[in-house]
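As C-alpha cells, the structure follows; a few thoughts come after it.
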Amino acid sequence: MISQNNQALPPGCQLDGYRIERQLSVGGFSIVYLAHDAAGTPVAIKEYLPNALALRREGEIAPTIPPEFQADFNHGLKLFFEEGRALTALNHPNVVRVLNFFRANGTVYLVMRYEVGQTLRDHIRQHRGKLDEGFLRSMFCGLLDGLGEVHGGGLLHLDIKPANIWLRTDHSPVLLDFGAARYAMDIGPPEPRAMYTPGYAAPEQYHGKFTLGPWTDIYAVGACIYAALAGAAPQAADDRMADDQLLPARQRWGGDYSLDLLATIDDCLRLEPQRRPQHARALHASLAAHQAAAKPASSWLSRLGLRGGK
C-alpha cells in the first residue's frame, strides 16, 4: 500500500454548516480539525482519510482513491460511519461526545464536542516515572465509568491506549477513537483486517483461540496503567505468548506503589482472558476500594498528577 502525507482542509472551508478553523491533529487514518458551527460554538471534526489508501493534494478538497485501494477504503469508511452511529447513542462525561456525523467529499466526518487538554500519552511523556497513585486510581476509575457505559451499550472499544485517552485540564478522562469498535453481539474471532496496537492489544486480538469480550478492553486498560508507570507500552501480547519477558508490576515497582495497585495491573495483563477482571465494573471496584491506600503526595504535586521523589 502507498504511504503519503495528505493535505488538511484549508481554514475557512465549509462542511455541512461547519467552518474549519485549523488542524488539531493528524494520524494514519484521520485528520482532526477545530471548527465552529453556525452558532459559533467550537467543535472538533474528525475526517476519515487513511494515508495508505487515499491522497489529497494541495488545493483539493475530495481525496483521490486509486482503484486498487477502493475496496479497503470503503471498508474503513463503513467502520468510521458505524463509529459515528454508535457514539451518538452514548452520552457519558468520560466518553467522547459525537454530536453529528455526515458524508461529504467522498468520505465521512464525525463532529465531536471540543475538549481542552491533552492525551494521556503526552501526559506520560511529560511526567515519566512520576505519576501519583491517587491520580492514576482516580483517572482510571473515571475512564472505567465511561467504559462500563460502552460495554453496557453492547460495544467493545478494542483500541484503548494512552493516545486514545484525553485528559481535560482538570484531569478527568475522555475515551476517544472508536474506529476499531465492534458490537458484542457480533463478537467472535478477530476480523482479518482488525485494527489493534501492539503492547495494548490482548492476545485474543491476534488470533481466534479466545473469544473477544469486555475482558479484551480490560487487558488494554491494564496495559495503559503499566505504561503510565513505565513510560512505554508493555511487551506485545503475541510476543508474550511465544516468550513472556514482561516483568510483573509487583516486581518492577514494589517499592514505589501499593501492592494492591500493582497486583491489579498484573491481573489485567493475564494472558488467559478468564483470569482477568471480566468487566469494567469489577476493575473499577478494585481501583476504587483501596484508593485511600494510595501513597500520599504533597498538595501541589497531587494537583499536577505527580508524586514525590523516589
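Do we find that ILE124 is crowded, with 17+ Cβ neighbours inside 10 Å, farther than 23 Å from HIS171 by Cβ and touching a helix residue (DSSP H, G or I) at 6+ places or on another chain (Cβ under 7 Å) in this structure? I'd like the intermediate steps shown before the answer.
Details: crowded, with 17+ Cβ neighbours inside 10 Å: yes; farther than 23 Å from HIS171 by Cβ: no; touching a helix residue (DSSP H, G or I) at 6+ places or on another chain (Cβ under 7 Å): yes.
Answer is no for this residue.
Answer yes or no: is there a residue in the range 87-94 that is closer than 19 Å to ALA220 by Cα and not charged (D, E, K, R).
Our first condition is that a residue be closer than 19 Å to ALA220 by Cα; within the range 87-94, this holds for 94.
Keeping just the survivors that are not charged (D, E, K, R) gives 94.
Yes, some residue in the range 87-94 is closer than 19 Å to ALA220 by Cα and not charged (D, E, K, R).
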> Which of the residues belonging to the range 2-42 are of a type in the set (Val, Ile, Thr), surrounded by 18 or more Cβ atoms within 10 Å (Cβ to Cβ) and out of contact with any Ser or Thr (no Cβ under 8 Å at 6 or more places or on another chain)?
Replying inline: ILE20
>> List the helices (runs of 4 or more DSSP H) inside the range 231-276, counting only whole elements, that have at least 1 residues being loosely packed, with under 13 Cβ neighbours inside 10 Å and free of Cβ contacts under 8 Å to residues at least 12 places away in the same chain.
In response: 237-242, 249-252
> Can you tell which of LEU87, LEU53 is under 27 Å from LEU147 (Cα atoms) and either surrounded by fewer than 20 Cβ atoms within 10 Å (Cβ to Cβ) or not assigned by TED's automatic domain parsing to the domain that holds ALA180 (or both)?
Replying inline: LEU87
> If the Cβ limit is 8 Å and pairs must be 6+ apart or interchain, which residue in the range 149-165 that is more than 22 Å from GLY199 (Cβ to Cβ) pairs with which residue that is of a type in the set (Val, Ile, Thr) and part of a strand (DSSP E or B)?
Replying inline: GLU149/VAL95
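Taking the stated definitions as given, is GLN70 over 30 Å from GLY152 (Cα atoms) and either assigned by TED's automatic domain parsing to the domain that holds ASN105 or part of a helix (DSSP H, G or I) (or both)? Break it down stepwise before answering.
Working: over 30 Å from GLY152 (Cα atoms): yes; either assigned by TED's automatic domain parsing to the domain that holds ASN105 or part of a helix (DSSP H, G or I) (or both): yes.
Considered against the rule, which asks whether it is over 30 Å from GLY152 (Cα atoms) and either assigned by TED's automatic domain parsing to the domain that holds ASN105 or part of a helix (DSSP H, G or I) (or both), GLN70 comes out as yes.
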> Could you list, in sequence order, the residues of the range 90-111 that are outside any strand (DSSP E or B) and either crowded, with 21+ Cβ neighbours inside 10 Å or over 21 Å from the mean Cα position of the chain (by Cα) (or both)?
Replying inline: ASN94, VAL96, ASN105, GLY106
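The values are calculated or read from the model by the stated rules, or taken from the named source; none is laboratory data. Everything quoted here is computed from the prediction, not taken from an experiment. Don't worry about glycine lacking a Cβ; one is built from the backbone with ideal geometry, like all the others, and counts go over all protein chains shown.
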